[in-house]
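Below is one structure, written out as structure tokens, with a few remarks after it.
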Amino acid sequence: GRGERQQLAEAVGDLYVGGVDLDWKGMYAAGSRKRVALPTYPFQRQRYWFESQPARPEPDAAWAQVSEAAAWQASQGRLELSIQSYPSRWEILDRITKAFVTNALVALDAFQKSGETFSAAALIARCGIQPRFERLLTRWLQYFSGTTRESPHPVSLDPLLAEAASVFGSDRLFLDFVVSCGRQLPEILTGAVSALETLFPGGSFRLAEDLYEHAPLSAYYSAIARAAVAALVRMRETGGLRILEVGAGTGATTAALLPILPKDRTAYHFTDVSGLFLDHGRRKFAKYPFVRYGLYDAERPAAEQGVAAGQFDVVIATNALHATHDLRATIENVLSLLAPGGFLILCEATEYLSWFDITTGLIEGWQLFDDGLRTDHPLLSAETWQKLLTTSGFGRVVSLPAAGSPAEILGQHVFLAQKSGIAISTRHWAPVAFEVRQEGEVERATETIRSRLVAAPQSEVHEILVDLVRQALAAILCVPSETLDRRKRLVDFGLDSLMAVEFRNRLSRSLELTRQLPATIIYEFPTIEALSLHIERDILNLGIDGISTATNRAHELEQMSDEEVEALLLKKLETL
């Protein structure tokens, strides 16, 4: 996996260290070489630069130090990473994925006639699959060449899982994740289970942190980012360093960076589009007082979010930018955040592995792309990313691991990109404004809901539940509850999939349910009114005696499509 020149140089070095007298002139006879004298003092861990060297190097010097530090780190790896095992890992996961896809479609009665052909749209209609999976199903049909098998049967997974266990050994995080998702595939496709809940089961962050922070593969990439930031810290021995992380999520990359940052001259902005991640970050990184938290959406211009251009020395994003509609616009927004000479440290999956189809590829964010750069899936190759960053206005770009590295099999890259211009001191900076999310005071009002329902007259039960749902939603969104219209769609309030999981958890705890409500409940009962009625009728079995006919009729109308409402109105008009 290495070039002949590098292999030869290493062999010569080993011979020289072993005492062999080498013919150096002969070795370098093919080129022009200049002899230089080594220092007469012994090498020590000390600096021997002239005192007149500027404290802040020019951008080209900064680029050299940062990129070289990151490149060196990319050539290293923890022993448990076991790069040589990854071709076998990806191959067995590919077979497991196709087996789960086959079993899911068989379970959903997709294969009804031998030799039958069908489209993704036909599968959606036949099997009750959610329409948002149409792109995914189109790719799945390639597994079957567009037709069913002659006699389709479920695939036995036991032999595959036994083989996979021997391939993965003790590093089973990704294997177990794929298997867990695959077993829930029919329920995810039909909307009975939220795809996001496979990554955050029960609203817990533990699995996601294990995958993105503790797994050897993930640690390899975060170490490259850490090396780049550490080099920048060493260069800036005085003055402030201002960093913004886009889509910080569970804080996997953050956890690798914060320990190396000087707390007295760093401002680290932990941002995401979901307030739940901000709350999690506050708890996780409470011992780092220089971390600030705020909502930031890379798909919107920074100025619209109260952030002036050119505010940051470093912008970091790990597997976040691909989950946007238009990558060109996203990169333009990110570039605007950087000061002249500032660095973008971007980690992105660059190879679409088939097992994404039954794991993260099921999550809504993976289906947003609509920019002409991507057609089948949201990922770009390393070469395309480099071209995109260069054409978007970055002066220098490099991807790591380098081409030809054994680590390319891992399927991700860290991209270092520097904004053109000469860096200016950021020792004194103005505060950066964000839509700061404050944690709500939520569950005190809902803890005694059971006792309130028991004691309340039947006529008041429905309104108590409406208030419960409204308070839980207000707590998640961190807005006053009185601003939430009971007949407005929940998703129109800005409730995302992860918030839906936490929303479900709060309701389940407040109602003291023995079984969790499904996270997909916000789609099945899309308003506060509809959800309250569902809880009353179907969850708590309280009946509808106390609900007015008008309330019932309003609920029924909300559940109708526009076409059904039109048909009802026409029927009414015919009777007049």
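The values are calculated or read from the model by the stated rules, or taken from the named source; none is laboratory data. Please read all numbers here as calculations on a predicted model, not as lab measurements. Note that each Cβ is placed from the backbone with ideal geometry, even for glycine, and that neighbours are counted across all protein chains shown. With ligands, DNA and RNA removed, areas are computed over all heavy atoms of the protein, side chains included. Shrake-Rupley method; radii C 1.70, N 1.55, O 1.52, S 1.80 Å.
Among the trypsin sites (Lys or Arg not before Pro) within the range 239-331, those in coil by DSSP and having at most 14 neighbouring Cβ atoms inside 10 Å are 263, 287. Computed from Cα positions, the angle between helix 497-510 and the longest principal axis of the chain comes to roughly 50 degrees.
Please give the helix 4-17 orientation as an angle from the longest Cα principal axis of the chain, in degrees from 0 to 90, rounded to the nearest 10. The two axes meet at around 60 degrees.
Once both labels are positioned 7 Å from their Cα atoms along Cα-to-Cβ, the gap between residue 409 and residue 75 label points is 2.0 nm. Based on Cα contacts under 8 Å between residues 6+ apart, the chain shows a relative contact order of 14 percent.
Dipole check for the chain: with +1 at the C-beta of Lys and Arg, -1 at the C-beta of Asp and Glu, and the Cα centre as origin, the magnitude is about 1940 Debye.
For the chain, the number of Lys pairs with C-alpha atoms closer than 24 Å, counting only pairs eight or more positions apart or on separate chains, is 5. With unit charges on the beta carbons (Lys and Arg positive, Asp and Glu negative) and the dipole taken about the Cα centre of the chain, which residue among 384, 118, 522 sits farthest to the positive side? Positive-end residue among those listed: 384. Classification of the range 235-337 by its C-alpha gyration tensor yields an oblate form. The axis ratio a/c (a ≥ b ≥ c) is 1.5 or more, and b/c is at least a/b. Apply the a/c threshold of 1.5 to the C-alpha gyration tensor of the range 109-214 and tell me whether it is rounded, prolate or oblate. Oblate. Note on the chain: the alpha carbon radius of gyration divided by the globular reference 2.2 N^0.38 Å gives 1.16. Spin-label pair residue 460-residue 22: with each label point 7 Å from Cα along the Cα-Cβ axis, the two points sit 8.9 nm from one another. Packing order of peptides 102-110, 410-418, 371-379, 226-234, highest average first: 410-418, 226-234, 102-110, 371-379 (average count of other Cβ atoms within 10 Å over each peptide's residues).
Of all beta bridges that DSSP places with both ends in the chain, some 45 percent have antiparallel geometry. Taking packing as the residue-averaged number of other Cβ atoms within 10 angstrom, the listed peptides 19-32, 482-495 run from highest to lowest as 482-495, 19-32.
With charges set only on the Cβ (+1 for Lys and Arg, -1 for Asp and Glu), what does the dipole of the range 199-281 come to about its Cα centre, in debye to the nearest 20?
Working: 7 positive and 8 negative charges, 73 e Å.
For the range 199-281, the charge dipole is close to 360 debye.
Note on residue 499: accessible area approximately 10 square angstrom, rounded to 10, probe 1.4 Å, nucleic acids and ligands left out. Quick note on the range 164-260: its Rg to Rh ratio, both from C-alpha atoms and Rh being the Kirkwood radius, is 1.11. Between 0 and 90 degrees, the angle of helix 158-168 with respect to the longest Cα principal axis of the chain falls at about 30 degrees.
When the Cα positions of 457, 288, 192 are compared along the charge dipole of the chain, 288 comes out farthest toward the positive end, with charges on each C-beta of Lys, Arg, Asp and Glu.
Oblate is the label for the range 168-216. Its Cα gyration tensor axes, ordered a ≥ b ≥ c, give a/c of at least 1.5 and b/c at or above a/b.
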